[in-house]
1. Assuming R0 = 30 Å, what is the FRET efficiency of SER134 and ASN96, from their Cβ-Cβ distance, to the nearest 0.05?
2. How big is the dipole moment of the chain about its Cα centre under a simple scheme where the beta carbon of each Lys and Arg is +1, that of each Asp and Glu is -1, and everything else is neutral? Debye, nearest 20, please.
3. What ranking of MET101, MET7 emerges when the number of other C-beta atoms within 10 Å of each C-beta is taken as an exposure proxy, fewest first?
4. Could you give each residue of region 72-82 its phi-based ³J(HN,Hα) in whole Hz, using Karplus coefficients 6.51, -1.76, 1.60 with θ = phi - 60°, and x for Gly or Pro?
5. Could you point to the residue in LEU48, ILE76, HIS148 farthest towards the positive end of the chain's charge dipole, with +1 and -1 charges on the Cβ of Lys/Arg and Asp/Glu respectively?
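Please treat every number below as a calculation from the coordinates, not as lab data. Fair warning: this is a prediction, and the values are worked out from it, not measured in the lab. In this analysis, Cβ positions are derived from the backbone assuming ideal geometry, glycine residues included, and neighbour counts consider all displayed protein chains.
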Amino acid sequence: MVIIAIMVKDFGSHLLDKISELESRSNLKLSVGVKLLLAETGTLEQTLSILGNSEIQVSVTKQKEEGKLIHRNACILRKKTGETLVTAKSRFFVANLPRAMVGQLRKRNLGIGSIITRNQIETFRKIVKIGYNSNSDSVFRIYKIIHHGKVAIEIKEYFSVDIDSKLGLPFQSFAKRHYNFLATR
């Protein structure tokens, strides 16, 4: 198993450079769809819904509270098929979140993006790391959601490199390994 992780320190073209570095180091050519999902800083649920032209559902698979932290594992699914599109692990810093949001988190029935939107909470999302895991053939990103200048949530999301085909996107249907692509020429 090979895990390649690349720190991201800036926004914009710097992130594009880091995605190119990830492709080079992992010997992959990522599709536009995968690159969009690695780089997006909005509500992932909404982005997946639009890209896949279907309803999305968040399923909380595990959640526990330890002191001032809530740990949550979740899957984002295509509602009509139940197919998993994204898996995520999150840490919520309870002291840095509004009470209403913490109450909704404890109910375990909504995704983070939906809770933030419903409560009209102003946040900033900062991508801190992107990477590739050869064991699961997936890419990942780690980002922080900042509220009132403090880290409120840390999230690690995993996307299969063939998420385009799962969403029915017209982009390249899977990430091609450079050596396989070159070998067929």
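1. With R0 = 30 Å, the Cβ-Cβ based efficiency is 0.30.
2. 480 debye
3. With the sparsest Cβ surroundings first, the list reads MET7, MET101.
4. 9, 10, 8, 10, 9, 10, 6, 4, 6, 10, x
5. HIS148
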